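Structure first, commentary second.
The values are calculated or read from the model by the stated rules, or taken from the named source; none is laboratory data. No experiment lies behind these values; they were computed from the predicted model shown. Neighbour counts are summed over all protein chains in view; Cβ atoms, including those assigned to glycine, are modelled from backbone coordinates with ideal geometry. For the accessible areas, the whole protein counts, side chains as well, though only heavy atoms, and no ligand, DNA or RNA atoms are used. Shrake-Rupley method; radii C 1.70, N 1.55, O 1.52, S 1.80 Å.
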Amino acid sequence: MAVALHLQGKFIGYLGARRTEVRPFTPGQIKLLETFADQAVIALENVRLFKELQQRLEQQTATSEILGVIASSPTDVQPVLNVVAENAARLCEANDAQITRVQGDLVGTVASFGPLPPTSEKRPITRTFPSGRAILDRQTIHTHDIWAEREEDWADIWHTVHRLGIRTCLAVPLLREGVSVGAITIRRTEARPFTPA
């Protein structure tokens, strides 16, 4: 016997019961299994809501922390960038985060967090690395598994990502009045795409 689990009109699974002998379930047993199925759906929804609430609380705490740093350092942007990088890596379950800034025709790392080494040298802005592509295209660049991409598409970072074990990368442009002024990039050492908020 199998009873469907439905949540908001969608099938999300089933609760099953089996016997090794030919003996049909009674109406009372069927009703009992249907009750258990309803309770399972409630439990699953409670877990989802709790996780969602916990995630929102973490995001609000991070926002509060960033605002606190801004208030305590109104003339020094470095502490703000450092806490933004740290919170981005932590909240997105990334191995690291880097914030790059456009400086003329070059881009350089201005803040980083995590065990992976940041790119310290300034380099020309090209489409052959994620933050460069995000800056030039003024859009989010999400590479699910960079090892599965063509080497020539990521020429500037190909050997580095293999050496460091970087698999998934998300680069978001920093825009001021529609102009890219930098990017924030988070990376994972496993092929696990980032999810929408």
Select, from V47, V41, V83, the only residue that is of a type in the set (A, V, I, L, M, F, W, C), assigned to a helix (DSSP H, G or I) and touching an Asp or Glu at 6+ places or on another chain (Cβ under 8 Å). V83
Residue ID - most open to solvent (accessible area, probe 1.4 Å), chosen from residues in the stretch 93-108 that are within 21 Å of the chain's Cα centre (by Cα) and over 19 Å from V69 (Cβ atoms): E93
Of the conditions (1) open to solvent by 80 Å² or more (accessible area, probe 1.4 Å); (2) more than 24 Å from P196 (Cα to Cα); (3) not basic (K, R); (4) not in a helix (DSSP H, G or I), the single one that L32 does not satisfy is (4)
Do you know which residues across the stretch 83-113 are in contact with a helix residue (DSSP H, G or I) (Cβ under 8 Å, 6 or more places away or on another chain), over 19 Å from F129 (Cα atoms) and not basic (K, R)? V83, V84, N87, L91
Give the residues of the stretch 48-92 that are open to solvent by less than 40 Å² (accessible area, probe 1.4 Å), under 16 Å from the mean Cα position of the chain (by Cα) and at pLDDT below 80, sorted by residue number. A62
Check R19 against each of (1) in a helix (DSSP H, G or I); (2) open to solvent by less than 80 Å² (accessible area, probe 1.4 Å) and name the one condition it does not meet. (1)
In the stretch 168-178, is there at least one residue being farther than 19 Å from A85 by Cα and in contact with an Asp or Glu (Cβ under 6 Å, 6 or more places away or on another chain)? no
With F129, F113 as the choices, which residue is open to solvent by less than 20 Å² (accessible area, probe 1.4 Å), of a type in the set (F, W, Y) and free of Cβ contacts under 8 Å to residues at least 60 places away in the same chain? F129
Test result for V3, within 30 Å of the chain's Cα centre (by Cα) and either modelled with pLDDT of 85 or more or assigned to a loop (DSSP other than H, G, I, E, B) (or both): no
Pairs with Cβ under 7 Å, 6+ apart, first in the stretch 91-106 and free of Cβ contacts under 8 Å to residues at least 60 places away in the same chain, second surrounded by 14 or more Cβ atoms within 10 Å (Cβ to Cβ) and of a type in the set (A, V, I, L, M, F, W, C): L91/A62; D105/I125; L106/I125
Residue under evaluation A183, criteria (1) within 17 Å of V107 (Cβ to Cβ); (2) at pLDDT below 90, criterion not met: (2)
